[in-house]
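See below for the structure under consideration.
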Amino acid sequence: MQWWNITSFLILSLYLMLTNTPSMRKLLFVLSFVVSFSGFAQAPDKPTASEIYESIKQLNFLGSVLYIAAHPDDENTALISYFANEVHARTAYISLTRGDGGQNLIGPELNELLGVIRTQELLQARKQDGGIQYFSRAVDFGYSKNPTETFEFWDKEELLRDLVYRIRAFQPDIIINRFDHRTSGTTHGHHTASAILGVEAFDLAADPEVFKEQLTAVAPWQAKRLFFNDSWFFYGSPEAFNKVDQSEKFEMDIGSFYPSLGLSNNEISALSRSAHSSQGFGSSGSRGEKMEYLEPIRGGMPNKHVFEGIDTSWSRIEGGTPVGRVLAKVEEEYDFRNPAASIPDLLKAYKLIKNIEDSHWKKIKTKEIIGVIEACAGLYLEAVAESPTAVAGGQTKMNIEAINRSYYPIHLESVAIGNTKLDMNTTLDNNISHQESINLQIPINQKPTNAYWLDEPGSLGMYKVANEALSGLAETPPAFTAEFKLNFDGEPITINKPVVYRYTDLAKGELYEPFVIVPKASVAVEGKVHVFGDANSKVIRVRVKSFTEDLKADLKLDVPHDWKVSPKNHKVQFAQKGATQYYEFLVYPPAEQSEVIATPELVIGDEVLNKQIHELSYAHIPAQKVLLPGASKLVHIDIERMGYRIGYIQGAGDEVGDYLKQIGYQVEELTTSDISLGKLKKYDAVVLGIRAFNVLEPLQYKNDILFQYVQEGGNMVVQYNVNRSQLVTEAVAPFPLSISRNRVTDEDSEVRFIDENHPVLNYPNKITQKDFEGWVQERGLYFPNQWDAAFTPILSMHDKGEEPVEGSLLIAQYGKGYYVYTGLSFFRELPAGVPGAYQLFANLLSIGKTVSDE
Ligand SMILES: [Zn+2]
């Protein structure tokens, strides 16, 4: 069996694919647990007889668990898998953020685009472990030291609103916090903040006076228990954890083996964990006992199991007992060789559920049971678009297939997509495929499909979600669904399927993608930031990709009036869909220092397009098309520089060298094998990229050559490295220097000049407080905390409530040259076009120099 088949066990899903109500249609995409990896991400569910049996067991469990943490990867996938697969509980993970602020190990995407990738990775993880995924509007804005700092960016009231809504809508019996709400300062501030929100929301969700506006859609909900999921990693090691008294914690062995899946719970957990490819969290499964520890925070300590005292049977709901009786029989008599034999009893249960007073569980179980009936019948229903994209006002052919692989009499009455309906009126006989097509006219006012939380600009800490109905869902519902109206021997049942795009790749076989609506073209200024270091004009290119045939338009580059652009517009013409063309504009900065936004505008009649369609294509997640502004920042900085030729030695990877080029430096990338005195001598300065002393092994013996270069008159600038244990050598400088974990994470924190007359603050650019305005994400990180007397500290800074630190920028004269060590985040500030950061960096490169040398 191929590995992706092994992973494709969870039928839990199926029921979620089949759904009637608009609200669940929204969830459909979110909750579609269909199996898959590697291009199968959108593929339809094809459950086995064993998987169907597991889903029947789930039909008979009415209980739920909500797990709360801050980031993609915080969640305990083993515990989620245990509750979903062993207990058969409805199990969800709410990750407050989408992990936008992290690093990307598999591609260039950062920030919003990384958030989209991680969202999809979490959905893949949930397909593996059987959970459901939710989010809040919180942005992963970067590191914070404690929850107080976190809540300066996260709007606590609004996040409580999100979490309370989720609790009221999901109605968990059990809530589990990944983190401890009492441990401020010992972990990422986001972590503790997520736990604080979890505790408060547990209580607030039950209070009808809180967030009253939600009560038209959801009712107050009191969960029974709240736990903190303790773990050895909060103690440093399993040994340290074992030394602590665990008697106040509920202990459970979650090391189950699932014969019908052929996997242990920990093997499933590893598959789920391995979905986090962008974080490099590939993980190997294990077998056997695995203990988990839950500390009761609310609701007291259970004796035997966490659902103790909660009725999780059908008797839980009024009118449920007879349903439970029928479904117990279905479970008892299930025939693995002939699942279709269960259909009559399943339909009996379905009818009973229909008559239950409307309630939370009625909706959930209706969907589940329709999924089970569909699976038992071997029913295969799909709607495939002939193209992965379409534009508003366009037309797309949709191919429909319906087939029943059982002898149970099923009648297909009609199929509808959007407002196009096809009457089928045909009986689906065993194993006879019915195929039809629909020409779908896309409405002229159809909105493009986009990650809903990126439609409008939010703040640093919060996404803005205009469509409240979507808020908290993992992703935007599919652009179109196909509604199959069926009749099971007199019982009408409607099944919805997302419209997908399917194609055959000669190397990989059958592949699926979401079918999405896009603007007629993608338009984007090349390069996110353009820095003008003098008054000269620059050529700026705009990239246009057509998503429709026969596109005729005018392209402009809109800038504020003190900037000049030539030409005023380009005539744009495309015959073919999918083609890309580049257009050049000559841009002139104003005389003064200036920061502006340049927006490309593609004018098609009275329609103006200004967004870039980012096409994300990775094998482990469904293809994503994300719309973000195609604009770019233009910065004119008054900058003086001494020295001209720079040698740049990349460490872990940054764009500092590229941006120095933009202000007129001649930057040459050097590898460690280029480090010889002869070669270095031609450079006015040598700059080491971030973490060079962490990742470049040869620096343990090439460092002396660099120091000798300084001694003979060169300038050397070393950017941040992480501390001691991971350095390739402790000799990162010609004088003793010890790197600490000191960091200043507030990008607006006050900066004090230790000696304002120091040349580096005056020459050739005068540095003032203003130059520390507009910084992004942080001031800097891993500042040295001890240094030789040869170093002069230049700046003093601190986060709120902390002691000032002076190690952010240290300068030492060594022989005839200068050595600079700086943990200031130039690698973030230069790509963001922060003028003050450019001026300060130019001063670092200029120390001791008197000619610009061009
Ligand atoms: Zn985290």
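Here LYS351 is the anchor, and the lysines within straight C-alpha reach of less than 16 Å, apart from those fewer than 8 places off in the same chain, are LYS329, LYS362, LYS363, LYS365, LYS367. Proximity of backbone amide H atoms, modeled 1.01 Å from N, is registered between PHE532 and VAL635, HIS636, ILE637 at under 5 Å, excluding neighbours fewer than 5 places apart on the same chain.
Here's the picture: a label point sits 7 Å out from the Cα of ASN242 along the beta-carbon direction, and within segment 279-319 the residues with their amide nitrogen under 20 Å of it are 286-294. Working note: Karplus 6.51/-1.76/1.60 with θ = phi - 60° gives segment 742-749 the couplings 4, 8, 10, 8, 7, 5, 9, 4 Hz, where Gly and Pro are set to x.
For segment 399-491, just say rounded, prolate or oblate: build the C-alpha gyration tensor, square-root its eigenvalues into a ≥ b ≥ c, call rounded for a/c under 1.5, and beyond that prolate if a/b exceeds b/c, oblate if not. It comes out prolate by the Cα gyration axes. Comparing THR745, LEU197, ILE370 along the charge dipole axis of the chain, the residue lying farthest to the positive side is ILE370, per the Cβ-charge model. Counting Cα-Cα pairs of segment 723-795 in 5 Å increments starting at 0 gives whole-percent bin shares of 3, 14, 18, 20, 20, 16, 7, 1.
The listed residues ARG118, ARG641, once ranked by accessible area (1.4 Å probe) with the largest placed first, stand as ARG641, ARG118. Compute the separation of the alpha-carbon centres of segment 715-734 and segment 548-577 and state it in Å as a whole number. Measuring centre to centre over Cα atoms gives 48 Å. Placing +1 on each Lys and Arg Cβ and -1 on each Asp and Glu Cβ, with no other charges, gives the chain a dipole about its Cα centre of roughly 1220 debye. In this view, the solvent-accessible surface of GLU109, computed with a 1.4 Å probe and all protein chains in place, comes to about 30 Å². The HN-Hα couplings worked out from phi for segment 697-713 by the Karplus form 6.51 cos²θ - 1.76 cosθ + 1.60 (θ = phi - 60°) are 3, x, 5, 5, 10, 7, 4, 4, 5, 4, 5, 5, 4, 5, 3, 8, x Hz, whole numbers, x standing for Gly and Pro.
Using Cα centres only, tell me the gap between segment 338-373 and segment 153-217 in whole Å. If you average the Cα positions of each part, the centres end up 33 Å apart. Across segment 806-822, rounded Karplus estimates of 3J(HN,Hα) from the backbone phi angles (6.51 cos²θ - 1.76 cosθ + 1.60, θ = phi - 60°) give 10, x, 5, 8, 10, 10, 9, 7, 9, x, 8, x, 10, 10, 10, 10, 9 Hz, Gly and Pro being marked x.
Of all aspartates and glutamates in the structure, the ones whose alpha carbon falls short of 17 Å from that of LYS552, not counting any fewer than 8 places away in one chain, are GLU601, ASP606, GLU607.
Just add up the charged neighbours of VAL656: K/R +1, D/E -1, any other residue whose Cβ is under 14 Å from the Cβ of VAL656.
Numbers: positive: LYS661, ARG691, ARG828; negative: ASP654, GLU655, ASP658, GLU668, GLU669, GLU829.
Spelling it out: positives minus negatives among the neighbours equals -3.
Using a probe of 1.4 angstrom and keeping all protein chains present, the accessible surface of the chain works out to 40 square angstrom per residue.
Ranked by accessible surface with a 1.4 Å probe, highest first, in what order do HIS614, HIS305 come? Write out the running numbers ahead of the final one.
Numbers: HIS614 35, HIS305 95 Å².
Largest accessible area first, the list is HIS305, HIS614.
On the accessible surface of the chain, probed at 1.4 Å, how many percent belong to carbon and sulfur atoms? Walk me through the numbers before you get to the answer.
Values: 16150 of 33830 Å².
Here it works out to 48 percent.
Annotation: SER283 carries an accessible surface of approximately 50 Å², with a 1.4 Å probe and no ligand, DNA or RNA atoms counted.
For VAL776 and GLU436, what is the calculated FRET efficiency with R₀ set at 56 Å and r taken between the beta-carbons, to the nearest 0.05? Efficiency, rounded to the nearest 0.05: 0.55. Looking at segment 346-419, which GluC sites (Glu not before Pro) are DSSP coil and have at most 10 other C-beta atoms within 10 Å of their C-beta? In loop regions of segment 346-419 (DSSP not H, G, I, E or B), the sparsely surrounded GluC sites (Glu not before Pro) are GLU357. For SER264, the solvent-accessible surface computed with a 1.4 Å probe is close to 10 Å², ligands and nucleic acids excluded. Computed from Cα atoms, the angle from the helix 156-170 axis to the main principal axis of the chain rounds to 20 degrees. Against the chain, whose longest principal axis is taken from its Cα atoms, helix 111-129 shows a tilt of about 30°. Here the spin labels are modelled as points 7 Å beyond Cα on the Cα-Cβ line, and at GLU491 and ASP704 they lie 8.4 nm apart.
From the Cα gyration tensor of segment 655-725, with a ≥ b ≥ c the square roots of its eigenvalues, which class applies: rounded if a/c is under 1.5, or else prolate if a/b is larger than b/c, or else oblate? Kindly include the intermediate steps, with their values, before the conclusion.
Details: a/c = 1.83, a/b = 1.14, b/c = 1.61.
Cα axes put segment 655-725 in the oblate bin.
Of the GluC sites (Glu not before Pro) in segment 536-618, the ones in a loop by DSSP (not H, G, I, E or B) with at most 11 other beta carbons within 10 Å are GLU592. For the pair segment 585-644 and segment 83-105, the centres of their Cα atoms are 33 angstrom apart.
Rounded, prolate or oblate: which fits segment 733-854 when a ≥ b ≥ c are the square roots of the eigenvalues of the alpha-carbon gyration tensor, with rounded for a/c under 1.5 and prolate only if a/b beats b/c?
Numbers: a/c = 1.74, a/b = 1.13, b/c = 1.54.
Because a/c hits 1.5 or more and a/b fails to exceed b/c, segment 733-854 counts as oblate.
Rounded to the nearest 10 degrees, the angle from helix 321-333 to the longest Cα principal axis of the chain is 90 degrees. The local environment of THR792, defined by Cβ-Cβ distances under 11 Å, has a net charge of -3 under the rule Lys, Arg +1 and Asp, Glu -1. For ALA507 and LYS397, a Förster radius of 30 Å and the Cβ-Cβ distance give a FRET efficiency of 0.70, rounded to the nearest 0.05. Taking all protein chains together and a 1.4 Å probe, the residues PHE574, PHE257 rank PHE257, PHE574 from largest to smallest accessible area.
The values are calculated or read from the model by the stated rules, or taken from the named source; none is laboratory data. Just so we're clear, the structure is a prediction, and the values are computed from it rather than from any experiment. Here Cβ is always computed from backbone atoms with ideal geometry, including for glycine, and neighbour counts include all displayed protein chains. Note: areas computed on protein heavy atoms with side chains; ligands, DNA, RNA excluded. Shrake-Rupley method; radii C 1.70, N 1.55, O 1.52, S 1.80 Å.
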